[in-house]
Amino acid sequence: MQLIDGLKVAKEIKSQISREVNDIVISGGKRPHLAAILVGHDGASETYVANKVKACEECGFESTLIRYEENVSQEELLEKIQELNNNCDIDGFIVQLPLPSHITERIVIEAINPNKDVDGFHPVNVGKMALGLPCLISATPNGIVTLLKYYGISTKGKKCVILGRSNIVGKPMALLMLQKSMGDATVTICHSHTSNLKEECRQADIIVSAIGQPHFVTADMVKEDAVVIDVGFTRIPDSTKKCGYHLCGDVDFDNVAPLCSFITPVPGGVGPMTICSLMQNTLQASKINH
Ligand code: GUN
């Protein structure tokens, strides 16, 4: 069994980006600039955004954090998005999700200029990705494909089972694994109403789990030498930890890992790669927009 070290791969890619940014700036080009909108004070969102700002520093990007209280109106948020769309200094921006329930995520995402949509959530980017056209690709699925390539894991013609059908991970992951130039795999998506989910998993060469249920993937669901990618990131209250919680993936790691050829840990697997892909998208957006 080999552990997939997302932290190590992300670090290497961020230092490559940093070198490229250095070269761009030295030759008179513009330093990439990412903005992030954070609404409210959700603990997980605060951590994600802080990590994104830190990654910008590591890559030599400028970053701007725009904060709103929980009760911000949708109108005010949409006005800020228009301002960022029109601001030539901002190459890309994200609106951290989830948003409070009085705001419609779909309307917010559709307001973002697709060329600045470094999360790859806008329907134009999702549609282009589905067609295999150049676009800004959703960060988590892109990070997972990067990890598989880095470790030389062959996906062509393999049976890949995706657990979860979210717009952020499950659906785009399935599209990327299906794409001839990316995964080139045979893809099955399982969800809460899949009747034979365990059996589907048992046949999989590659399992990508993105359902957010700790220890959902158990050893009896994984075949010998499978590749298991864990996107789960649930916070479990834990008074022995300084931060008051520990992170738990979707996979029963201790029992599943011995069966696998490759497996991602939580934390230190997919999480750092999501942020790394966001940095790659920001650099790409900066090239598109200038
Ligand atoms: N919330 C959880 N993951 C993400 C992400 O990748 N981007 C944004 N904007 N919000 C998220």
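Mind checking which residues of segment 233-276 are within 13 Å of the ligand (Cβ to nearest atom) and under 15 Å from Ile4 (Cβ atoms)?
Within segment 233-276, Val270, Gly271, Pro272, Met273, Thr274, Cys276 qualify.
How many residues does segment 148-162 contain that are of a type outside the set (Lys, Arg) and either under 14 Å from Leu175 (Cα atoms) or free of Cβ contacts under 8 Å to residues at least 12 places away in the same chain (or both)? Walk me through it before giving the result.
Within segment 148-162, the subset of a type outside the set (Lys, Arg) is 148, 150-155, 157, 160-162.
From what is left, the residues that are either under 14 Å from Leu175 (Cα atoms) or free of Cβ contacts under 8 Å to residues at least 12 places away in the same chain (or both) are 152, 154-155, 160-162.
Residues in segment 148-162 being of a type outside the set (Lys, Arg) and either under 14 Å from Leu175 (Cα atoms) or free of Cβ contacts under 8 Å to residues at least 12 places away in the same chain (or both): 6 in total.
Within segment 42-92, how many residues are without any contact (Cβ under 8 Å) to a residue 12 or more places away in the chain and either among the β-branched types (Val, Ile, Thr) or touching a strand residue (DSSP E or B) at 6+ places or on another chain (Cβ under 6 Å) (or both)?
Total meeting the criteria: 1.
Going residue by residue through segment 191-209, is there one that turns out to be closer than 22 Å to Thr282 by Cα, buried (at least 18 other Cβ atoms within 10 Å of the Cβ) and within 16 Å of the ligand (Cβ to nearest atom)?
no
Which fully enclosed helices (runs of 4 or more DSSP H) of segment 68-160 have 2 or more residues being within 16 Å of the ligand (Cβ to nearest atom) and open to solvent by 70 Å² or more (accessible area, probe 1.4 Å)?
Here the list reads 105-111.
Among the residues of segment 224-238, are any closer than 25 Å to Lys171 by Cα, part of a helix (DSSP H, G or I) and open to solvent by 30 Å² or more (accessible area, probe 1.4 Å)?
no
Within segment 166-190, work out how many residues are within 16 Å of Gly120 (Cα to Cα) and open to solvent by 40 Å² or more (accessible area, probe 1.4 Å).
Here the count works out to 5.
Got a number for residues in segment 22-55 being more than 16 Å from the ligand (Cβ to nearest atom), surrounded by fewer than 16 Cβ atoms within 10 Å (Cβ to Cβ), outside any loop (DSSP other than H, G, I, E, B) and not β-branched (Val, Ile, Thr)?
Within segment 22-55, residues that are more than 16 Å from the ligand (Cβ to nearest atom), surrounded by fewer than 16 Cβ atoms within 10 Å (Cβ to Cβ), outside any loop (DSSP other than H, G, I, E, B) and not β-branched (Val, Ile, Thr) number 2.
Checking the structure you have, find out if any residue of segment 158-180 is more than 14 Å from the chain's Cα centre (by Cα) and of a type in the set (Val, Ile, Thr).
Within segment 158-180 (the criterion being more than 14 Å from the chain's Cα centre (by Cα) and of a type in the set (Val, Ile, Thr)), the answer is yes, since at least one residue qualifies.
Please go through segment 226-254 and give me each residue that is out of contact with any His (no Cβ under 9 Å at 6 or more places or on another chain) and among the polar types (S, T, N, Q), ordered by number.
Passing the criteria: Thr234, Ser239.
Would you check which residues across segment 256-265 are under 18 Å from Gly212 (Cα atoms) and open to solvent by 20 Å² or more (accessible area, probe 1.4 Å) and list them?
Here is the first cut: in segment 256-265, the ones under 18 Å from Gly212 (Cα atoms) are 256, 263-265.
Once the filter is applied, which keeps residues that are under 18 Å from Gly212 (Cα atoms) and open to solvent by 20 Å² or more (accessible area, probe 1.4 Å), segment 256-265 yields only Pro265.
Could you list, in sequence order, all residues of segment 8-21 that are closer than 30 Å to Leu259 by Cβ and surrounded by fewer than 16 Cβ atoms within 10 Å (Cβ to Cβ)?
Passing the criteria: Lys8, Lys11, Glu12.
The values are calculated or read from the model by the stated rules, or taken from the named source; none is laboratory data. Not measured: the values here are computed from a predicted model. Here the Cβ is made from the backbone with ideal geometry for all residues, glycine too, and neighbour counts use every protein chain on show. Remember, those area values only see protein heavy atoms, side chains included, never the ligands or the DNA or RNA. Shrake-Rupley method; radii C 1.70, N 1.55, O 1.52, S 1.80 Å.
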